[in-house]
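Since the structure comes first, as structure tokens, the remarks are kept for the end.
The values are calculated or read from the model by the stated rules, or taken from the named source; none is laboratory data. As the structure is a prediction and not an experimental result, all values here were calculated from the model. Backbone-built Cβ (ideal geometry, glycine too); neighbour counts: all protein chains shown.
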Amino acid sequence: MGLGAGELPDVAVVFFSPHHLTTVAQVSTAILRRLQCRRMIGISTEGVMGGTHLIERAPALGVLALRCPGVTVTPFSTEQFPVADGSAESLFALRDVVGISEDLAATILLADPFSTSMVKLLPDLNAARVGGKGVIVGGLASASMNAGGNALLLDDRILKYGAVGVSLSGEIRVDAVVSQGCRAYGPAMVITKAKSNLILELGGRPAIEAIQDVLSDTGSLRRSLVASGMYLGIAIDEQKPRFGRDDFLVRRIVGVKPEQGAVAVAELVRPGQTVKLHTRDAQTARDDLAMVLDAQKLHDPPAGILVAAAAGRGRRLFKDGPGDAQSIAKAFSQAASGTELSKGGTPYYVTPPPLPLTGFVTTGEVAPIAARSHVHHQTACVTIIRHPDA
């Protein structure tokens, strides 16, 4: 895994800022010519992450190129997708197009938000996995807020609509972690009446009243909780006796309907689901990302890292403090061993090689929670690529 001297990459993932949209054909040609990579996918984005930096509102280009011996690389676009009718035949056809097999490690999906129905596409891809193996990761373009304004790369092609992707199968290990960056507060509540994305009742009471009671109980914390944005965690498995941070799919509360006593959330809901209020701030986001990365420190250093970060993060959330890229770099930094520290004399430190990380700002991050991938909107999703025995 990784690139050695004179080796050509099997696949490259490219992220580019809006400044390159008018010259995207030249950019694509230059990358292909320079890298001579066999396969390439890419997407336009509001911000590009590389190493320990996030460049927002300025020209930027990020490329992660990998040499993957023993790995089958299958590029695809939604133009090739069969008509999804729920039949076994359409499922098998989708597997063939996407390159989903029993040894699937990951499918990286990059999509235009205006022309791709993730509500339909993502469940189909989740269902197509063989035995639930492999992770589906990626995100939605954020360079333009107008239909047709974004651009996608697929090898030497430039697409303005749909989605592109690449599947990696075989001798490779891919882990995906999701930092929702929120902390829960208040009691767990059960939805007793709902319609579409409206929660009408919680515990048999108007939803607005139930939430107001929770906020009143928080006392002096109420103002800071509301100011940082209100989120609702929806339990993935409401049958669990206890809920932890990985048990909730966090969605923003997007509005209220006082005449109905209802609140609207950015997700379809149904009676019987358990929910809990959540809030977010910069320190909570940093702590949560550090926590989800802790287990990854037990393995070998990454050969490559891809990050999909919500548009609401970056400078909007972290201000002048350390952001996601710096937190990830810190998590994988190698501290000096006790033996080295105990040696006499003045140590001579050699600057470590930069972390092989690139990423992008999205209008929707794609990553798994509880074995199924979802579209998120306030997260940092980190995809870590390693040798299979790492």
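Values for this structure:
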{"item": "Segments classed as strands (runs of 3 or more DSSP E), wholly inside the stretch 1-107, with at least 1 members that are among the charged types (D, E, K, R) and in the same structural domain as Ala163 (by TED's automatic domain parsing)", "result": "39-44, 53-56"}
{"item": "Unmet criterion (only one of (1) surrounded by fewer than 24 Cβ atoms within 10 Å (Cβ to Cβ); (2) not in a loop (DSSP other than H, G, I, E, B)) for Tyr161", "result": "(2)"}
{"item": "Residues of the stretch 108-120 satisfying the condition of being out of contact with any strand residue (DSSP E or B) (no Cβ under 7 Å at 6 or more places or on another chain) and either modelled with pLDDT under 95 or assigned to a helix (DSSP H, G or I) (or both)", "result": "Ser117, Val119, Lys120"}
{"item": "Residue selected from the stretch 164-184 under the condition under 19 Å from the mean Cα position of the chain (by Cα), closer than 28 Å to Arg280 by Cα and of a type in the set (Gly, Ala, Ser), by the criterion surrounded by the fewest Cβ atoms within 10 Å (Cβ to Cβ)", "result": "Ala176"}
{"item": "Subset tally (residues that are surrounded by fewer than 16 Cβ atoms within 10 Å (Cβ to Cβ) and either in contact with a Pro (Cβ under 6 Å, 6 or more places away or on another chain) or not in a strand (DSSP E or B) (or both)) for the stretch 185-207", "result": "3"}
{"item": "Residue count, the stretch 68-86 (criterion: crowded, with 21+ Cβ neighbours inside 10 Å and of a type in the set (Asp, Glu))", "result": "0"}
{"item": "Thr107 hydroxyl-bearing (Ser, Thr, Tyr) and within 15 Å of the chain's Cα centre (by Cα)", "result": "yes"}
{"item": "Qualifying residue in the stretch 55-67 (condition: modelled with pLDDT under 95, more than 23 Å from Ala141 (Cα to Cα) and either of a type in the set (Asp, Glu) or buried (at least 16 other Cβ atoms within 10 Å of the Cβ) (or both))", "result": "yes"}
{"item": "Test: Arg372 is crowded, with 21+ Cβ neighbours inside 10 Å and at pLDDT 85 or above", "result": "no"}
{"item": "Candidate set from the stretch 31-53 (those that are free of Cβ contacts under 8 Å to residues at least 60 places away in the same chain, farther than 13 Å from Arg157 by Cα and hydrophobic (A, V, I, L, M, F, W, C)); member that is surrounded by the most Cβ atoms within 10 Å (Cβ to Cβ)", "result": "Cys37"}
{"item": "The stretch 70-86 - residue that is modelled with pLDDT of 85 or more and among the small types (Gly, Ala, Ser) and, of those, nearest to Gly42 (Cα to Cα)", "result": "Ser77"}
{"item": "Hits in the stretch 263-277 - residues which are farther than 14 Å from Leu249 by Cα and part of a strand (DSSP E or B)", "result": "Val263, Ala264"}
{"item": "Per-region count, the stretch 297-311, residues outside any loop (DSSP other than H, G, I, E, B) and under 28 Å from Glu46 (Cα atoms)", "result": "7"}
{"item": "Leu293 being modelled with pLDDT of 90 or more and assigned to a helix (DSSP H, G or I)", "result": "yes"}
{"item": "Test set (1) modelled with pLDDT of 95 or more; (2) outside any loop (DSSP other than H, G, I, E, B); (3) aliphatic (A, V, I, L, M) - Ala143 fails condition number", "result": "(2)"}
